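Engineer: Okay, handing you the structure first.
A short reminder: the numbers here are calculations on the coordinates, not readings from a lab. Nothing here was measured: the structure is a model prediction, and the numbers come from that model.
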Amino acid sequence: MTAARTLPVVVSHAADATFTTGLRAFFAYRDLGIRHVTGGKVGAHVIRAVPGAGAHPVWHTHDLHFQMVYVLKGWVRFEYEGAGEVLLTAGAMVHQPSGIRHREVAHSDDLELLEITLPAEFRTEEAQPPT
């Protein structure tokens, strides 16, 4: 039995990678091409730290259905409403629920992570710190 294909095969090689600016100036973003084949339903990108730029901790929220971050290299420290600070090192993952107030507190200069979101494009708003 052959399953019907609804999406094309997408391959993205690190050797051909292009990183661009994105949501945060202290990070560079590599789009993995999933957004285009899913019609914007899913986003997948590799994010890496811009060496020497450092974090700019700002409380914010994202309006989306799903967001997960998996650390490929280095470390990152997030702070979440109701959970406090969380340190993620290579091999760690966090699911960030929609609308949770959070901020990126610090990261290593060699940080690289994979982020998957549904949908690919979503609204981000600054938020007041949790009380």
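Engineer: Per the helix-only calculation at 222 nm, which mean residue ellipticity applies to the chain, given -39500 (n - 2.57) for every DSSP H run of n ≥ 4 and division by its residues, nearest 500 deg cm²/dmol?
Structural biologist: -500 deg cm²/dmol
Engineer: What shape does the stretch 67-107 have by the C-alpha gyration tensor, where a ≥ b ≥ c are the square roots of the eigenvalues, rounded means a/c under 1.5, and otherwise prolate means a/b greater than b/c and oblate the rest?
Structural biologist: oblate
Engineer: Dividing the convex hull volume of the Cα atoms of the chain by its residue count, what figure in Å³ per residue is obtained?
Structural biologist: 129
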